[in-house]
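These notes concern the structure reproduced below.
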Amino acid sequence: MGSILMQTTRTPLFARGTERVLQQEYVASTAHVSSAQESPAGEGGRGAGEAYRVLGLEGAMRPLSVSEYLSRVVHPDDRARVQQFIQAAEAGDQLPELEYRVVREDGAIRHVRGAAQPTRTPDGTRAGRFQILQDVTDAKVAQHNLESSERRFRHLVENSHDGIVLLSQAGRIQYVSRAVERLLGLSAAELIGR
């Protein structure tokens, strides 16, 4: 099996088209996205160092092998799924995205979304794969916080002794608490939409 991380080259920016490279690096770091092209021989393509930052491997001197990536980086509970994903990608299958957790060397857990797509020559021969790694931790945390807030709000409203009614902008009933049902002697199904 080949390498799965990208090697970061530190060629002077002026030698690579300064403005374009700076734009690409800015976009990658802002969106927390890294991409790389890999050959079938497992030669890590040149890619953004953003993957190393996300994974906490900024000081890495070489790409990690698949087994090193699985054992050192991927969360133990996610290793089997990630290994299946990598094997399918190496077989040349185009795959949907996979979300999983990584454990950085400092112990921090990050949520990432990975995707891989085979690349082919004009005659259809497999030429390698294009892979993307995106840090989705902030989105996961925001989603978790939203769900927690909704649960707290729902618990508060459902257990309140006060009658609570939510109306749409058009003035139609969208929600009634149990207290409203008790006060009016009508079910929520009878009231919603009025």
Q) Can you name the number of the only condition in (1) at pLDDT 80 or above; (2) under 21 Å from the mean Cα position of the chain (by Cα) that residue 51 fails? A) (1)
Q | Yes/no for residue 116 being surrounded by fewer than 16 Cβ atoms within 10 Å (Cβ to Cβ), within 19 Å of the chain's Cα centre (by Cα) and among the hydrophobic types (A, V, I, L, M, F, W, C) | A | no
Q | In the range 106-157, the residues that are of a type in the set (Lys, Arg) and without any contact (Cβ under 8 Å) to a residue 24 or more places away in the chain | A | 113, 120, 151, 152, 154
Q: Identify all residues within the range 64-78 that are modelled with pLDDT of 95 or more, in a helix (DSSP H, G or I) and open to solvent by 20 Å² or more (accessible area, probe 1.4 Å); write none if there are none.
A: 76, 77
**Q.** Residue within the range 132-139 that is acidic (Asp, Glu) and open to solvent by 70 Å² or more (accessible area, probe 1.4 Å) present
**A.** yes
Q: Please state which one of 46, 81, 154, 104 is at pLDDT 85 or above, over 30 Å from residue 180 (Cβ atoms) and open to solvent by 60 Å² or more (accessible area, probe 1.4 Å).
A: 81
Q) Does residue 120 satisfy the condition of being under 30 Å from residue 189 (Cα atoms) and out of contact with any Asp or Glu (no Cβ under 8 Å at 6 or more places or on another chain)? A) no
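The values are calculated or read from the model by the stated rules, or taken from the named source; none is laboratory data. Just so you know, these numbers come straight off a predicted model, no measurement behind them. Reconstructed Cβ throughout: ideal geometry from the backbone, glycine too, with neighbour counts over all protein chains shown. The area values use the complete protein model at the heavy-atom level, side chains included, leaving out ligands, DNA and RNA. Shrake-Rupley method; radii C 1.70, N 1.55, O 1.52, S 1.80 Å.
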